[in-house]
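A.B. asks: Input: one structure, supplied below.
The values are calculated or read from the model by the stated rules, or taken from the named source; none is laboratory data. Quick caveat, the model's predicted, so the values are computed rather than measured. Note that each Cβ is placed from the backbone with ideal geometry, even for glycine, and that neighbours are counted across all protein chains shown. Side chains are part of the model used for accessible areas, which takes the heavy atoms of the whole protein and leaves out ligands, DNA and RNA. Shrake-Rupley method; radii C 1.70, N 1.55, O 1.52, S 1.80 Å.
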Amino acid sequence: MDIFEHFRTTVSSVIEQLVTAGTLPEGTDMSRIAVEPPREAAHGDVTTNAAMVLAKPAGQRPRDLAETIADLLRRSDGVAAVEIAGPGFINLQIDASFWPDVVRAALEQGERYGRSDIGAGVSVNVEYVSANPTGPLHVGHCRGAVFGDALANLLAFVGHDVVREYYFNDAGGQVDVLARSVFLRYREVLGEDIGEIPSGLYPAPYLIPVARHLADMHGADLCDMPEDEWLPLIRREAIEFMMAVIRSDLEAINIKHDVFFSESSLHGPGGPVETTLAALRERGLVFEGRLPPPKGQLPEDWEDLEQTLFRATEFGDDVDRTVIKSDGAYTYFAADVAYFQTKYDRNFKQMIYVLGADHGGYVKRLQAVAKAISGGDAEVIVLLCQLVKLFRGGEPVRMSKRAGEFVTLRELIDEVGPDVIRFIMLFRKNDAPLDFDFEKVTEQTRENPVFYVQYAHARICSVMRNAARSASGDGSGHLALTNCHLNLLQDDGEIAIIKRIAEFPRVVQGAAAAHEPHRIAFYMYELASALHAQWNRGKELPHLRFIDEKNPDATAARLALCRAVRYVLSNGLGILGVVPVQEMR
RNA sequence: GGCCCCGUAGCUCAGUCGGAUAGAGCACCAGAUUCCUAAUCUGGGGGUCGCAGGUUCGAAUCCUGCCGGGGUCACCA
C-alpha cells in the first residue's frame with residue numbers, strides 16, 4: 001500500500017486521457033511529473049506538478065491545464081477533493097475511506113511492510129570497513145562500518161541481492177611489520193627484556209595475547225629460526241588472530257560480513273593480479289612509462305622512474321596510475337584492479353565502496369578501473385564518510401596513533417552501547433562531519449534521538465501489555481486486529497500517524513536510490529514524534545487514549561494502529577540495525 | 001597550484017531526481033502528569049539558505065566565478 005504509487009497511476013491515466021483527447025501531444029514525456037506528499041500538510045495529502053510540467057507541450061497556461069486535469073481527477077477513485085494552488089499545483093485530498101487500507105496493509109504485510117522489488121535483478125557488492133588486520137578497530141572505522149551495514153540492509157530491503165564484503169590487506173609491508181612486532185612481544189613473553197619498542201613497530205599492548213598464544217604453541221622454538229622461517233608463520237598467526245578480534249568487535253555492533261576477501265589470494269603465479277594486468281596489457285591499457293612530477297610541492301625524494309602504469313587517464317582519471325613499482329613489486333592499486341575483476345566475475349552490477357573522506361582521491365581511479373574492465377557494464381559507487389570527532393563533556397578526546405593511544409571501537413561499544421553508536425552515526429548525512437560526545441550520547445535525555453525512537457516502540461509494547469491485561473484488549477491477536485473497525489480512526493492525530501505510515505515505502509525507496517540510510521533515521525524520528533504526540537493528547541482528552549475501556553471498538557482500532565506503527569518502527573530500526581526495545585525503565 | 005566535500009536560526013543539523021509561507025532538536029520563555037511509562041507533549045520568539053551572476057513558470061537545491069572551512073595530491077598501506 002503505497003498511496004503515492006497509487007495516485008501516480010491515477011494521474012498517469014488522466015494524462016493518457018488527455019493525450020487521447022488531443023489536449024496533449026502523443027509521446028508526452030511524463031518522467032518529470034512528481035506525485036508526492038506536499039511539504040505543507042495544509043496543502044492536502046498528495047500533490048502533483050503535472051500541470052506545470054505539461055503546460056508547454058499542451059500550449060496552455062499551467063493553471064488552465066490544471067483545471068482540466070483537476071476535473072478528471074475529481075472523478076477518480078479515492079479522491080475526496082482537488083484544489084489548484086500557487087502557480088499550478090494540483091493538491092489532492094484523499095478520501096477518508098483510504099486510510100484504513102493503509103493500516104490494514106501495514107498489518108497484513110507486517111515485517112515485509114516497506115519492502116519492495118525495485119532492486120530486483122541488480123546484484124550489489126557493498127564493501128565496507130576493510131581495515132588492515134594490524135590492530136583492533138578504532139572509532140575512526142566506526143562510522144563507515146555502521147553506514148555500510150545500514151546501506152546494505154537498506155538495499156536488501158528494496159530487493160537487491162546484496163553481498164557484504166570486507167577486504168583485508170594481508171599482503172605487503174604492513175603485515176610484515178605486524179609480524180615483527182608480534183615476534184618482539186613473543187620474546188618478551190618468554191622472559192626476554194625487549195626494552196623500548198623500536199619506532200616503526202606497533203607499540204600497543206594488544207599484540208601480547210597473540211605472542212602468548214605463540215609461546216603456548218611453539219615454546220621458544222621460534223627464537224632459533226631465521227627470520228624467513230618465523231616471519232610467515234607469525235604473520236599468518238597474527239593476521240588470523242587480529243581478524244578474529246575485528247570480527248568479534250563488528251559482531252558487537254551488529255555487523256556481519258558475508259565475505260572476508262584476502263588480498264594475498266589475488267597474488268601468486270597465475271593469480272588474478274597477473275591475469276588481470278596481462279589482459280589489460282593486451283589492450284594497451286597497461287604499459288611501461290613515466291609519470292609527470294606531482295603538482296604543487298615536489299616531494300624531496302621524488303625521482304623520475306620508469307614504472308608499469310594503468311592508463312587511467314583514458315577513463316577520466318587525472319593521471320595514469322602505477323601498478324608495478326620501479327623495484328618490481330606490485331602496488332596496492334594493482335591488487336585493487338584485480339579485486340575489481342573478481343567482483344565483476346562474480347556478476348555484481350554495482351560495486352559500492354564505503355570509504356573514509358581521506359580516500360576521496362581514490363574515486364576516479366576506481367571508476368576508471370570499472371570502465372576499463374567492464375566497459376560500463378558495472379558501476380563503481382564510492383560513498384565517503386566524513387570523520388568523527390570524539391568529545392567528552394565538550395572537550396576533544398586526543399588520540400595519537402603513533403603512540404598507540406586511540407579509543408578502540410570495543411571501548412566505545414562497552415561505554416555507550418551498540419544502539420546509541422549506530423543511531424547517532426546514522427542520524428547524519430554521511431558526507432557531513434560528526435561530533436560524537438561520550439557524555440551527551442549516554443545521557444538518556446530528550447536530545448538523544450535514539451531513546452526517543454526506542455521509547456516510542458517501548459510505549460507501544462507497554463500499551464499492548466496493558467491491553468492484554470484489561471478486558472477490552474483481548475483482541476491482540478493478529479486477525480482480530482485486522483478485522484476491527486479501522487474507520488473509527490478519525491482523530492487528526494490518528495490520521496497524522498497513518499499518513500506517516502503511508503510514507504514509509506516511499507521513504508525507503510528514496511533512501512535506497514540515493515544511498516542515504518540517514519533518511520530512514522529521520523523518518524523514524526518523525527514517526528515516533530507523531531506517536532508521542534497522540535499519546536499525550538490522551539492526557540487531556542481521555543477519549544483519545546489508546547486504551548479506552550468505555551469504547552472497546554475504538555480501543556481495538558487504536559491497538560491495530562499501534563501495532564502498525566510498531567511494525568514500521570521495527571522494520572525501520574531493523575534497517576538501521578538498532579534493536580527495537582520492548583521496555584525502557 | 002589541481003581535484004573532492006562542506007557553508008541553512010545563537011548551537012547541532014534536516015530539507016524528497018528544482019516546487020508553494022525554508023523545517024526539527026538544543027538553548028531561551030510560558031504551560032501540561034489523580035489517569036495507557038513526563039526518557040513524553042503543547043504554545044512562543046528566532047533566517048540576506050556564505051557572496052555575486054546565470055539557467056526558468058519557479059533555485060537552499062542545477063551552472064559559472066569568488067570568499068571561508070576541511071580532506072587529498074608519484075613508487076606508501
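A.B. asks: Roughly how many percent of the accessible protein surface of region A:3-94 is carbon and sulfur, given a 1.4 Å probe and a whole-percent answer?
C.D. replies: On region A:3-94, the fraction of accessible area on carbon and sulfur atoms equals 47 percent.
A.B. asks: Considering chain A, what Rg and Dmax in Å follow from its alpha-carbon atoms?
C.D. replies: 29.5, 93
A.B. asks: Further question on the same structure: Accessible area per residue of region A:102-249 at 1.4 Å probe, in Å²?
C.D. replies: On a per-residue basis, region A:102-249 sits at 40 Å².
A.B. asks: For chain A, what does the helix formula give at 222 nm: sum of -39500 (n - 2.57) over DSSP H segments with n ≥ 4, over the residue count, nearest 500 deg cm²/dmol?
C.D. replies: After summing the helix terms and dividing by the residues of chain A, the value is -15500 deg cm²/dmol.
A.B. asks: Tell me, what is a quarter of the convex hull surface for the C-alpha atoms of region A:482-563, in nm² with one decimal?
C.D. replies: If I average the Cα hull's projected area over directions, I get 5.5 nm².
A.B. asks: Counting other C-beta atoms within 10 Å, and keeping those with at most 13, which DSSP coil GluC sites (Glu not before Pro) do you find in region A:35-121?
C.D. replies: Qualifying residues, ordered by number: A:Glu40.
A.B. asks: Can you give me the accessible area per residue for region A:256-414, using a 1.4 Å probe, in Å²?
C.D. replies: Here the residues of region A:256-414 average 55 Å² of exposed surface.
A.B. asks: Heavy-atom accessible area per residue, region A:3-94, 1.4 Å probe: how many Å²?
C.D. replies: 52
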